[in-house]
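Remarks on the structure that follows.
The values are calculated or read from the model by the stated rules, or taken from the named source; none is laboratory data. Being a predicted model, the structure only gives us computed values, none of them experimental. Note: ideal-geometry Cβ built from the backbone for every residue, glycine included; neighbour counts use all protein chains shown.
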Ligand code: ADE
C-alpha cells in the first residue's frame, strides 16, 4: 500500500512513523508513506496557502489552488512511479471534524486499498470547492476539534497500516476491541498474583474451550457496561442473552453515587469522562 499525505506540517509525522509497527511495515516494504508539503504548491512568491473567508467571520481558510495542485501532482507521481492508470479512482480523504466518524470497519475497508491520499486541513477549514470537487471522502476521528488534520491523518494511517496483511502476525488483531463488534476481554500476564490481586483461575487452567467462553462473556459484559450501543449489531446465543439480562438487572441496582473533588471537577466513582 502507498499512502500519500498532504500537509502544511510534514515534520509532525517524523516521530510516529519512525517507530514501532508502522516503522516495521515501512521497513518490510508493506507500506510506503509519502509526505507532501502543500505550501510547495502555492503559486505566489510568499507561498500563501490561506485567506479570509468571503462574508467575514473568524479564522482563515485553506485556498483551493495549492491544494488542487498538490493533489494533481500526487496523481501524476502515482501515474509515473506506480503505473496507476485510473488515478481518479484513488480515495482522496479530507480529515475534518465534519467527516464520517472513523471506526474499525472503515479502517478495514481502507486497508484493502492499494493507494490512499490523506489531505490534512489547517486554519479554520477548507474552501468548500475542495470538499465538493476534490475530496472523495471526509473523515473525523471524533467529535472534538483539533488544531489540524495531521494528528487525525496519523491516527487513520496507524489504524489502517496495522491491518495490512503481514504487518502484524497472522490473527493478531482478530481479537482486538471492535474487530468483532465487541470490546476486548480483560487480559493478564505474569505474575499470577500481584499485590494480592489474582489473575482469574480459568486463564491458568489450560482449558481452551473454557477460556474462550470466559473471554466471550467478559467481552459482552464489558461492552454492555461501557458501550451498550455496540451490542445492537451483535448476534448473541440464548445463554449470552441471559447473561446480558443479569447484567442489566445488577446495573439497575448498583448505580454508584458520584463524588466530585477539588483536584478535578469531573465526577469520580464512574468510568465515564464528559458526562457531567
Ligand atoms: N481536524 C480538526 N479536528 C479534527 C477531527 N476531530 N477529526 C479529523 N480532522 C480534524
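Some notes on this structure:
- Residue within segment 156-177 that is modelled with pLDDT of 95 or more, within 10 Å of the ligand (Cβ to nearest atom) and assigned to a strand (DSSP E or B) present: no
- Meets criteria (at pLDDT 95 or above, farther than 24 Å from residue 8 by Cα and within 15 Å of the ligand (Cβ to nearest atom)) for residue 106: yes
- Every residue from segment 121-140 that is more than 10 Å from the ligand (Cβ to nearest atom) and assigned to a strand (DSSP E or B): 126, 137
- Complete set of residues in segment 7-20 that are at pLDDT below 95 and surrounded by 13 or more Cβ atoms within 10 Å (Cβ to Cβ): 16, 17
- The one condition in (1) in contact (Cβ under 8 Å) with a residue 24 or more places away in the chain; (2) in the same structural domain as residue 79 (by TED's automatic domain parsing) that residue 132 fails to fulfil: (1)
- Verdict on residue 227 being within 22 Å of the chain's Cα centre (by Cα) and surrounded by 12 or more Cβ atoms within 10 Å (Cβ to Cβ): yes
- Output for segment 71-97, where each listed residue is within 16 Å of the ligand (Cβ to nearest atom) and either at pLDDT below 95 or crowded, with 17+ Cβ neighbours inside 10 Å (or both): 92, 93, 94, 95, 96, 97
- The listed residues are 118, 151, and the only one of them that is within 16 Å of the ligand (Cβ to nearest atom), modelled with pLDDT of 95 or more and touching a strand residue (DSSP E or B) at 6+ places or on another chain (Cβ under 6 Å) turns out to be 118.
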